[in-house]
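**Student:** Handing you this structure, nothing more for now.
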Amino acid sequence: MSSSEQRRRQLAREKFERQQKRREEARRRTRRITAIVAASVAVVAVVGVSAFVVAGKNDDKDKKGEAAASQSPAPEPSESESKAPAPPMKIDKKATYTMSLKTTQGDIAFSMDAAKTPETVNSFKALADKGYFDDTKCHRLTTQGIFVLQCGDPKGDGTGGPGYNIPDENLDALGKAGGDGTVVYPPGTVAMANTGQPNSGGSQYFLVYKETKLPPTYTPFGTMDDASLKAVQKVGEAGVEGGAGDGAPKKAVTVEKATVEKG
């Protein structure tokens, strides 16, 4: 690989990491605002002000926090703050599961080994069983430096999640990081998106359609079959809207139905 190509990929990875840090900083600001509002609510409750006014203040602050986060260019999800418990463990930890996506760009399926990533597989099955992924967009395609299609956000803008976090798993599956701090995510890999902080995954995941080098901090939990990889590669070949290297895919991908089955 030429030195110029290596430099281009390095710059792309550095941009990726900077974006994650900016998103996390925006999330921290949102949490600080929420804490201030919560303290204000407690005082107001003591003096008997109506719950309607309190709710209105919370809503206003939350909207401002969401707006601030959405202005960040970071492609990673704002899922670092858990608000609900993760689903109870119901899968067979010794089994293999298949997640099947019926999308507007063809069927995409990937296998998941519950023995290696039980918490991730259990969460995805619980979410799929209740229709969480149905009618959601794959909101982000990257075609420069890294090569991924990112999906799993019910909001469709990179900020949505299930309200809880799942722990990182299987991080050593792709080997030790090299001198540049990265490992190779092979084509066909399915991995968890996160905020850049440990154990901050939620529902967003990315499909690797071309060899990609990233830090070994994203849980690799699935492998696409050949037909599915080709479908994602076609989306990648079509590029990003407006000709950029990162953004909404020109070939819009909507997950119409998602299912997870054992075996």
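**Student:** Whole-Hz Karplus ³J(HN,Hα) for segment 95-108, in order, using 6.51 cos²θ - 1.76 cosθ + 1.60 and θ = phi - 60°, x for Gly and Pro?
**Tutor:** Here the 3J(HN,Hα) series is 9, 9, 10, 10, 9, 10, 10, 8, 10, 6, 10, x, 6, 10 Hz.
**Student:** On to the next question. In the full protein assembly as shown, how much of residue 203 is accessible to a 1.4 Å probe, in Å² to the nearest 10?
**Tutor:** In the full protein context, residue 203 sits at about 0 Å².
**Student:** Classify segment 134-263: rounded, prolate or oblate, from the alpha-carbon gyration tensor (a ≥ b ≥ c, eigenvalue square roots; a/c under 1.5 rounded; otherwise prolate if a/b is larger than b/c)?
**Tutor:** Values: a/c = 1.39, a/b = 1.14, b/c = 1.22.
Here segment 134-263 falls in the rounded category.
**Student:** Further question: Sum up the charges of everything whose Cβ sits under 12 Å from the Cβ of residue 6, counting Lys and Arg as +1 and Asp and Glu as -1, but leave residue 6 out. Intermediate results must be reported in sequence, preceding the final value.
**Tutor:** Values: positive: 7, 8, 9, 13, 213; negative: 5, 180.
So the environment of residue 6 carries a net charge of +3.
**Student:** Taking the Cα centre as origin and putting +1 on Lys and Arg beta-carbons and -1 on Asp and Glu beta-carbons, what dipole magnitude results for segment 179-263, to the nearest 20 debye?
**Tutor:** Charge dipole of segment 179-263: 100 debye, to the nearest 20.
**Student:** Would you calculate the separation in nanometres between label points at residue 89 and residue 230, each defined as 7 Å from the Cα along the Cα-to-beta-carbon direction?
**Tutor:** So the label points at residue 89 and residue 230 sit 3.9 nm apart.
**Student:** Report the local net charge at residue 129: Lys and Arg +1, Asp and Glu -1, summed over other residues whose C-beta lies under 14 Å from its C-beta.
**Tutor:** Working: positive: 90, 125, 130, 257, 262; negative: 134, 261.
Charge balance near residue 129 sits at +3.
**Student:** While we're looking at this one, here's another question. Among the listed pairs 176/230; 155/176; 83/130; 102/155; 176/251; 137/230, which are separated by more than 26 Å between their Cα atoms?
**Tutor:** Violating the 26 Å limit, Cα to Cα: 176/230; 155/176; 176/251.
**Student:** Ok, one more. Provide the packing ranking of 133-143, 245-255, 209-219, i.e. peptides ordered by the mean count of other C-beta atoms within 10 Å per residue, highest first. Can you show the working numbers first?
**Tutor:** Working: 133-143: 22.5, 245-255: 18.1, 209-219: 20.5.
Peptide ranking by packing, descending: 133-143, 209-219, 245-255.
**Student:** Using a basic spin-label model with each label point 7 Å from the Cα along Cα→Cβ, how many nm lie between residue 5 and residue 115?
**Tutor:** 3.7 nm
The values are calculated or read from the model by the stated rules, or taken from the named source; none is laboratory data. Keep in mind it's a predicted model, so treat the numbers as computed, not measured. We place every Cβ from the backbone using ideal geometry, glycine too, and count neighbours over all the protein chains shown. For the accessible areas, the whole protein counts, side chains as well, though only heavy atoms, and no ligand, DNA or RNA atoms are used. Shrake-Rupley method; radii C 1.70, N 1.55, O 1.52, S 1.80 Å.
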